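A.B. asks: Quick one: this structure, given as structure tokens, is what I'll be asking you about.
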Amino acid sequence: MTKALIAFGSTTGNTAEVAQWIADHLGKAGIEATAKDCAGESASELCAGYDLIVLGCPTYGDDPIEVQEDFEPILDSLEKTGIGGKKVAVFGCGDSSYTHFCGAVDVIEERVRSCSGTLIVGSLKVDTPYDGYRKEVEEWSGKVAAAA
Ligand SMILES: Cc1cc2nc3c(=O)[nH]c(=O)nc-3n(C[C@H](O)[C@H](O)[C@H](O)COP(=O)(O)O)c2cc1C
């Protein structure tokens with residue numbers, strides 16, 4: 001059975017909620033999925049034993065674009081321990097009224113590519129001030145499950 005980790009950072013809880021929805025959808029698709037807050041974790045311990053890593057991070061600040069503070073150490077250690085050979089998907093929560101909507105997603109994609117992770121689907125950018133993103137999350141989770 002494919003084992004998936006949904007590793008997220010979240011300050012006000014939106015990304016944590018979406019991460020849990022994704023874990024639930026992947027679970028329904030037959031994937032053993034766990035959502036974990038990455039605060040204080042090291043990437044090597046966090047990612048060990050998983051075939052699929054789903055990275056979820058909100059954006060705070062657009063000059064420069066900032067990934068959520070708990071998430072930055074994970075990105076650094078992913079680059080050191082390597083994510084090569086793992087399947088990876090990326091999502092983020094943001095607000096489209098900002099200049100760089102979900103800019104952290106683009107930053108993370110770039111860093112995953114630079115350490116040879118395989119992005120299996122296009123990334124999901126969730127516009128959290130607007131209702132209706134539950135459906136979007138469900139559809140995206142279906143694509144992730146199909147590509148896993
Ligand atoms: C100070 C501040 C700066 C933000 N900057 C951005 C931004 O540049 N781009 C964006 O898409 N969203 C931005 N946001 C919106 C958050 O990313 C959004 O509320 C997100 O859902 C928070 O996720 P969380 O609840 O998991 O922490 C910002 C929010 C705050 C409070």
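The values are calculated or read from the model by the stated rules, or taken from the named source; none is laboratory data. Please read all numbers here as calculations on a predicted model, not as lab measurements. Note that we place each Cβ from the backbone using ideal geometry, even for glycine, and neighbour counts take in every protein chain shown. What goes into the accessible areas is simple: the full protein's heavy atoms, side chains included, and nothing from ligands, DNA or RNA. Shrake-Rupley method; radii C 1.70, N 1.55, O 1.52, S 1.80 Å.
A.B. asks: Give the accessible surface of region 3-147 per residue, rounded to a whole number of Å², with probe radius 1.4 Å and ligands, DNA and RNA excluded.
C.D. replies: Per-residue accessible area for region 3-147 comes out at 46 Å².
A.B. asks: Take the alpha-carbon centre of region 32-48, take the same for region 83-122, and report the distance between them in whole Å.
C.D. replies: 17
A.B. asks: Further question on the same structure: Classify region 3-147 as rounded, prolate or oblate from the Cα gyration tensor: take a ≥ b ≥ c as the square roots of its eigenvalues, call it rounded if a/c is under 1.5, otherwise prolate when a/b beats b/c and oblate if not.
C.D. replies: Since a/c reaches 1.5 but b/c is at least a/b, the shape of region 3-147 is classed as oblate.
A.B. asks: When Lys and Arg each count +1 and Asp and Glu each count -1, what net charge do the other residues less than 11 Å away from CYS93, Cβ to Cβ, add up to?
C.D. replies: So the environment of CYS93 carries a net charge of -2.
A.B. asks: Quick one: which of LYS3/LYS143; LYS80/LYS125; LYS80/LYS143; LYS80/LYS135; LYS86/LYS135 span more than 24 angstrom between C-alpha atoms?
C.D. replies: Pairs exceeding the cut-off: LYS80/LYS125; LYS80/LYS143; LYS80/LYS135; LYS86/LYS135.
A.B. asks: At a 1.4 Å probe, what is the % contribution of carbon and sulfur to the accessible area of the chain?
C.D. replies: About 46 percent, which is the carbon plus sulfur part of the accessible surface.
A.B. asks: Rounded to the nearest 0.05, what FRET efficiency is calculated for LYS36 and SER114 with R0 set to 35 Å and r the Cβ-Cβ distance?
C.D. replies: Step by step, r from the Cβ atoms, then E = 0.90.
A.B. asks: Another question about this same structure. Skipping prolines and chain starts, which residues have an amide H placed within reach, meaning under 5 Å, of the one on PHE91, given they are 5 or more residues away or on another chain?
C.D. replies: It is LEU55, GLY56, CYS57, LEU124, by chain and number.
A.B. asks: Also, quick follow-up: For LYS28 and MET1, compute 0.36 nm times the residue count separating them, minus their Cα-Cα distance, and round to one decimal in nm.
C.D. replies: 8.4 nm
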